[in-house]
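A short worksheet on the structure shown next.
The values are calculated or read from the model by the stated rules, or taken from the named source; none is laboratory data. Treat the numbers as computed from the prediction; the structure is a model and nothing was measured. Here the Cβ positions follow ideal geometry from the backbone for every residue, glycine too, while neighbour counts run over all protein chains shown.
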Ligand code: ASP
């Protein structure tokens with residue numbers, strides 16, 4: 001057991017969590033008061049999962065700040081920053097566009113919402129109306145704002161307030177990029193103590209991640225046991241199953257087809273090797289449904305097991321966790337088509353393009369926390385004039401789909417990090433830290 005690779009330990013933890021959760025359900029009576037099994041799990045097992053996920057979330061913001069500042073200052077000049085930044089953003093947009101196209105293609109070909117009759121629609125909407133209304137309310141607050149609100153939202157009025165909320169990660173990133181630019185512009189002797197401080201901080205945080213990951217199998221065990229034990233009973237309609245299969249199928253194409261294809265084609269690394277290196281981060285993304293909480297582990301795996309130099313991971317991955325949500329954009333596209341079909345609304349080609357573009361933007365604005373994607377879906381629906389109450393149709397299955405789309409989000413970030421690293425000569429053997437032959441290593445570069 002001691003020498004078992006981490007991903008196996010996590011998988012065993014997950015499987016045991018599901019089993020314990022299912023056993024707990026069997027001990028439940030018919031009323032909420034007699035749900036003894038669920039109460040037991042919530043009181044005695046779930047807290048371990050909460051502690052684990054909180055520990056990861058607590059280091060997400062310091063990690064982003066320390067690693068981005070370190071990443072930018074390692075780049076040494078502004079031209080390198082803009083070149084790496086340009087590649088990163090271009091690849092993120094490209095992969096998101098592919099995800100959206102895939103989602104729209106699958107959804108229009110399969111037509112998951114076409115089989116829904118009026119009665120089923122009303123039952124589903126009624127069953128989830130309370131919860132859905134809350135999400136709609138949150139999204140409405142965002143919609144009422146002016147067209148340039150997203151621009152205003154990029155700049156924090158108070159850095160510490162932004163850093164205190166995981167949902168405002170984009171603001172923190174914008175500030176840190178700005179700070180990094182300042183650091184590159186001041187004389188090196190003045191920048192050095194600042195850089196040294198953040199280098200050291202970064203090291204300490206990486207060590208903390210190692211320590212937290214020692215208990216990851218227990219953490220995911222507790223998270224999954226609680227998720228299963230707290231699952232509300234819901235009626236499964238065939239249309240909902242088909243919808244889930246469309247989302248899961250599209251995500252599987254991304255995770256097992258598109259990303260490894262990019263990695264194998266452009267970096268020459270092997271299919272299995274990519275997954276062996278990344279799997280603990282993927283399993284964690286599945287268990288936590290949060291790219292932000294998974295970020296510390298994604299960074300560690302991509303650096304130490306996929307051979308991407310820290311200079312690239314510390315820049316590309318924090319940005320990716322915040323803006324690159326391919327899984328979310330695919331899901332939003334399928335969901336929008338599904339809901340429109342369920343309401344008998346015919347979508348023109350122009351509508352599909354609108355869904356695609358708004359899903360791309362909405363996924364960029366989606367916070368890297370559980371269930372954020374369904375809030376932003378309201379905005380996609382609004383863009384094609386489909387009733388936003390339609391999100392109630394998919395509410396029951398959203399929690400599970402969130403787990404799958406978070407895996408796609410994290411895998412996409414890792415694949416892009418590898419491509420960017422390859423393009424700047426910073427992809428090497430993770431164990432020997434030897435960079436690709438066709439690019440000078442950092443040392444050689446310095447000697448020149
Ligand atoms: N949970 C997702 C993530 O953190 C976002 C979403 O709800 O789609 O990546």
Among (1) under 20 Å from residue 7 (Cα atoms); (2) in a helix (DSSP H, G or I); (3) away from the ligand (no atom under 14 Å from the Cβ), residue 311 falls short only on (1)
With criteria (1) within 12 Å of the ligand (Cβ to nearest atom); (2) in a helix (DSSP H, G or I), residue 370 comes up short on (2)
Checking the condition closer than 30 Å to residue 75 by Cα, assigned to a helix (DSSP H, G or I) and within 16 Å of the ligand (Cβ to nearest atom), which residue from 380, 400, 410, 375 passes? 410
If you go through 260, 188, 217, the only one that is more than 30 Å from residue 393 (Cα to Cα) and surrounded by fewer than 14 Cβ atoms within 10 Å (Cβ to Cβ) is 188
Just one listed residue, out of 151, 183, 223, 206, is within 27 Å of residue 69 (Cα to Cα), in a helix (DSSP H, G or I) and at pLDDT 90 or above, and it is 183
Residue under evaluation residue 356, criteria (1) within 14 Å of the ligand (Cβ to nearest atom); (2) under 23 Å from residue 170 (Cβ atoms), criterion not met: (1)
Consider residue 201 carefully, then state whether it is modelled with pLDDT under 95, surrounded by fewer than 19 Cβ atoms within 10 Å (Cβ to Cβ) and away from the ligand (no atom under 16 Å from the Cβ). yes
Considering (1) more than 11 Å from the ligand (Cβ to nearest atom); (2) modelled with pLDDT under 95; (3) under 28 Å from residue 214 (Cβ atoms), say which one residue 291 fails and leave the rest. (1)
Kindly indicate which of 316, 302, 297, 263 is touching a strand residue (DSSP E or B) at 6+ places or on another chain (Cβ under 7 Å), assigned to a helix (DSSP H, G or I) and in contact (Cβ under 8 Å) with a residue 60 or more places away in the chain. 302
Kindly establish whether residue 95 is assigned to a helix (DSSP H, G or I), within 17 Å of the chain's Cα centre (by Cα) and within 24 Å of residue 326 (Cβ to Cβ). yes
I'd like to know if segment 339-353 contains one or more residues that are within 16 Å of the ligand (Cβ to nearest atom), surrounded by fewer than 18 Cβ atoms within 10 Å (Cβ to Cβ) and at pLDDT below 95. no
Give just the number: which of (1) in contact with a strand residue (DSSP E or B) (Cβ under 6 Å, 6 or more places away or on another chain); (2) under 29 Å from residue 243 (Cα atoms) does residue 35 not satisfy? (2)
Residue among 321, 421 that is away from the ligand (no atom under 16 Å from the Cβ), touching a residue at least 40 places away in the same chain (Cβ under 8 Å), touching a helix residue (DSSP H, G or I) at 6+ places or on another chain (Cβ under 6 Å) and in a helix (DSSP H, G or I): 421
Is there any pair with a first residue in segment 366-379 that is over 18 Å from residue 293 (Cα atoms) and a second that is within 6 Å of the ligand (Cβ to nearest atom) whose Cβ atoms are under 7 Å apart and which are 6 or more apart or on different chains, and what are they? 376/366
For segment 77-100, what are the residues that are under 25 Å from residue 351 (Cβ atoms) and out of contact with any helix residue (DSSP H, G or I) (no Cβ under 7 Å at 6 or more places or on another chain)? 93, 94
Which members of segment 90-117 meet the condition of being surrounded by fewer than 15 Cβ atoms within 10 Å (Cβ to Cβ) and farther than 20 Å from residue 334 by Cα? 90
Unique match (being under 22 Å from residue 228 (Cβ atoms), under 16 Å from the mean Cα position of the chain (by Cα), part of a helix (DSSP H, G or I) and within 16 Å of the ligand (Cβ to nearest atom)) among 278, 283: 283
